[in-house]
Amino acid sequence: MTHVELTKRFESLNLEVELGFSAEQTAREVQRCLNCDVQTAFSAPLCIECDACLDICPVQCLTITSNGDEADLRERLLAPATNLAQDLFVSERLPQTGRVMVKDENVCVHCGLCAERCPTAAWTWNCSTWQSPTPAPRTSSPSPSVLAEVARDDDRQVSD
Ligand code: SF4
Ligand code: SF4
């Protein structure tokens, strides 16, 4: 990221130091994204209803509430689920109170924080799609001089 020159920073204490990313810098930075696309899975019998996952979810797409018909349930979520085309996840009854865990998949950003925070592994990371950069395929054979150098290295290791 580009920053304001050090000497200029002292001219005004209100100066914004970080100038943000240019289009080129942004394109370079996003190449580091692993796109792991965490899929979380829920196991109702393990949930102790501590609310830690609700607390940490950055988009408020989790709610523990009493079950009900879908239209009513959609209105009672922490963030009302307005996309009717996206099914809600509704768990089986939780062991402590008989309420249910509801997740709005339309809003979940797959950050995995709920699974990381859950003390009982009721939420877990089920699977991930890992996209790793791979080297481009070799388009030509190594030159004779490189092959000769490799052979010399092999000879040296055998004689050592
Ligand atoms: S994966 Fe992230 S956004 Fe989705 S429910 Fe868990 S904490 Fe919320
Ligand atoms: S953090 Fe785990 S145990 Fe606590 S309410 Fe969420 S799922 Fe249940």
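Numerical summary
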| item | result |
| --- | --- |
| Checklist (1) among the small types (Gly, Ala, Ser); (2) modelled with pLDDT of 95 or more; (3) surrounded by 11 or more Cβ atoms within 10 Å (Cβ to Cβ); (4) more than 19 Å from the chain's Cα centre (by Cα) applied to residue 79, failing item | (2) |
| Looking only at region 27-47, and only at residues there that are out of contact with any strand residue (DSSP E or B) (no Cβ under 8 Å at 6 or more places or on another chain) and at pLDDT 90 or above, the one that is surrounded by the most Cβ atoms within 10 Å (Cβ to Cβ) | 46 |
| Within region 1-10, tally of residues that are farther than 29 Å from residue 30 by Cα and surrounded by 10 or more Cβ atoms within 10 Å (Cβ to Cβ) | 1 |
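The values are calculated or read from the model by the stated rules, or taken from the named source; none is laboratory data. In this text, all values refer to a predicted model and were calculated from it rather than measured experimentally. Positions of Cβ are backbone-derived with ideal geometry, glycine not excepted, and every protein chain shown enters the neighbour counts.
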